[in-house]
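Reading through the structure tokens given below for one structure.
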């Protein structure tokens with residue numbers, strides 16, 4: 001039996017950066033939910049690795065969080081958020097909610 005997602009997945013294309021200690025590399029956030037991301041990057045990583053993610057969700061809405069890799073198929077991986085400030089979580093939730101409202105109303 002497959003597990004169904006409980007959060008809306010939103011396709012976006014945002015440039016950002018992923019870091020592990022002193023290693024910092026560019027990345028592209030491909031899609032997101034309130035709990036995680038799909039990311040394309042050249043950083044080497046495996047399931048369970050924790051990384052720092054920084055990107056601009058919208059102008060004036062930076063997102064910084066710690067993520068843990070849950071799926072890895074280089075150069076892409078899925079990651080769940082393990083640490084995020086309440087303000088950044090709120091921005092992420094509002095962004096997804098606004099997009100879902102627009103999609104449901106047909107705009």
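The values are calculated or read from the model by the stated rules, or taken from the named source; none is laboratory data. Because the structure is predicted, anything quoted here is derived from the model rather than measured. Glycine also receives a Cβ, built like all others from the backbone with ideal geometry; neighbour counts cover every protein chain displayed.
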Residue match in segment 17-31 (condition: in contact with a helix residue (DSSP H, G or I) (Cβ under 8 Å, 6 or more places away or on another chain) and surrounded by 12 or more Cβ atoms within 10 Å (Cβ to Cβ)): no
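Results for (1) farther than 21 Å from residue 100 by Cβ; (2) modelled with pLDDT of 95 or more; (3) buried (at least 16 other Cβ atoms within 10 Å of the Cβ), shown as yes or no for each residue.
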residue	(1), (2), (3)
40	yes, yes, no
50	yes, yes, no
61	no, no, no
66	yes, yes, no
71	yes, yes, no
85	yes, yes, no
88	no, yes, yes
Sole exception among (1) under 12 Å from residue 34 (Cα atoms); (2) in contact (Cβ under 8 Å) with a residue 24 or more places away in the chain; (3) in contact with a strand residue (DSSP E or B) (Cβ under 6 Å, 6 or more places away or on another chain) for residue 92, by number: (3)
